[in-house]
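Accompanying notes for the structure given below.
The values are calculated or read from the model by the stated rules, or taken from the named source; none is laboratory data. This is a predicted model, so every value here is computed, not measured. Methodologically, a virtual Cβ is constructed for each residue, glycine included, from the backbone with ideal geometry; neighbour enumeration extends over all protein chains shown. When the accessible area is computed, the model is the full protein with side chains, heavy atoms only, and any ligands, DNA or RNA have been set aside. Shrake-Rupley method; radii C 1.70, N 1.55, O 1.52, S 1.80 Å.
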Amino acid sequence: MDDLKKLEDELDLINENSIKGKKTIHQAKDLTDIATSNNKDHIFKVCKELYIIATRAIDLAKTSLVPLPEQDSQTLENIIKRQLSEVLPNLLKEAISVAAISPAESLQANLPIEKPLPARHTITIAKSPVNEDDTETTITNHEWTEVYRKDVKNSLKGVRVKDERVSNGTTVLSFTTEDDMKEAERALTQKCKSVKVNSKSVEPKKLDPKLTISDIHLDFDSKEKILDELLEKNTGMKDANVKVVYYDIKEKFAVIQLPIEAREVIRKCGDYIYLGLQRHRVYDRLRLCVDTTA
C-alpha cells in the first residue's frame, strides 16, 4: 500500500508541475492547450517520467498476484475445513427438520389465529304494569321517544351504553361489557320504576364459512348437480355437511356453505375446487354472526 501511495504522489506531482503554463496535463485536451514555452525536449522528458511511473505500476501489480506462501495457503485450507466440519452439519440438520414438516402442517401453522367474537350484552325494556290486570307492556316508538327515553337516560347517568334500538315495539339497550349491563340493570331497577328490565348475555353463534364459486359451466343447471360434483371430486367434502345455498345460472356463480374443517382443506389446496372439466378459484364471503337476542 505504501508503494502505491508513493506512485500516486509522484504522478500528482508530474501532473501539477511538469508542464509550463496555466493548465496541467490532466486539464489539457489537446496541443492547443499546451503553452508554446514547452519545447520538444521538455515534452520528451515529461513522457519519459510518465513511462517510468507506468512501468513501476505494472511491476507493483505483478507482485500482488504472487501465490500465497505454503504456510499461509495451509492455514487458509485449515480454516475452510474447520468451517465445513462445524457449520455444514448444523445446516443439514436444520434443512432436514424443515423438510420433515409437511406443506399442510406448514400452511396450518401460518394461518392467522382467529380471535373469539365478543358476547352481546343487552337489556330489553318494557312497561311496568300498573296493576295485575295490565297485559300490554310493549313500548311504542312514540312512547319511547316522548316519555320513557328521558326517564331511562336520567337513570343511566354515568353508565356506558353502546347503543339503543327500538323496533316493532321492542326497546333494547346494548352494552360493551357485562359489568356495564349489570350496572345499568341496577340503576334502572332502583331509579326508573316506570319500566321493567330483562338483561341477557349471549355468545354469538358463528355460521359455517361460505364460499363463492364463479364461472360455472352451463352444464350445471341445478344446485343438486353442483353439490353432487363437489362431493365426488374434492378432498374433504364427501363426508362433510356441504350445502349449495345459492346458484345464479345466468351469472354463472354459486355460493356454498361448509364446515370450517372442510374450508381449511380447500385452503391447503390453494383455494381451488374441481367442478366439471374445470378447476375454480373460490373466494370467502363475509363471515356473519347470528344475533340470537333480537
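Structure data summary
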read-out: Cβ-Cβ under 7 Å pairs, at least 6 apart or on other chains, segment 138-156 side under 19 Å from Asn198 (Cα atoms), far side among the hydroxyl-bearing types (Ser, Thr, Tyr) and open to solvent by less than 80 Å² (accessible area, probe 1.4 Å); value: Ile139/Tyr148; Ile139/Thr171; Trp144/Thr171; Tyr148/Ser194; Asp151/Ser194
read-out: Check on Asp208, surrounded by 15 or more Cβ atoms within 10 Å (Cβ to Cβ), over 30 Å from Ala184 (Cα atoms) and at pLDDT below 90; value: yes
read-out: Test for Arg160: is it part of a strand (DSSP E or B) and exposed (fewer than 15 other Cβ atoms within 10 Å of the Cβ); value: no
read-out: Output for segment 12-21, where each listed residue is open to solvent by 80 Å² or more (accessible area, probe 1.4 Å) and in a helix (DSSP H, G or I); value: Asp12, Leu13, Glu16, Asn17
read-out: Candidate set from segment 235-263 (those that are among the basic types (Lys, Arg) and touching a residue at least 12 places away in the same chain (Cβ under 8 Å)); member that is surrounded by the most Cβ atoms within 10 Å (Cβ to Cβ); value: Arg263
read-out: Subset of segment 37-55 [open to solvent by less than 90 Å² (accessible area, probe 1.4 Å) and part of a helix (DSSP H, G or I)]; value: His42, Ile43, Val46, Cys47, Glu49, Leu50, Ile52, Ile53, Ala54, Thr55
read-out: Conditions (1) farther than 14 Å from Lys6 by Cα; (2) at pLDDT 75 or above; (3) open to solvent by 70 Å² or more (accessible area, probe 1.4 Å); number of the one not met by Gln74; value: (2)
read-out: Boolean, Thr171 is in a loop (DSSP other than H, G, I, E, B), in contact (Cβ under 8 Å) with a residue 12 or more places away in the chain and hydroxyl-bearing (Ser, Thr, Tyr); value: no
read-out: Residues of segment 211-229 that turn out to be of a type in the set (D, E, K, R) and open to solvent by less than 60 Å² (accessible area, probe 1.4 Å), as a count; value: 1
read-out: Residue match in segment 25-32 (condition: free of Cβ contacts under 8 Å to residues at least 60 places away in the same chain, within 28 Å of Lys62 (Cα to Cα) and open to solvent by less than 70 Å² (accessible area, probe 1.4 Å)); value: yes
read-out: Selection count, segment 176-200, where residues are exposed (fewer than 15 other Cβ atoms within 10 Å of the Cβ) and assigned to a helix (DSSP H, G or I); value: 6
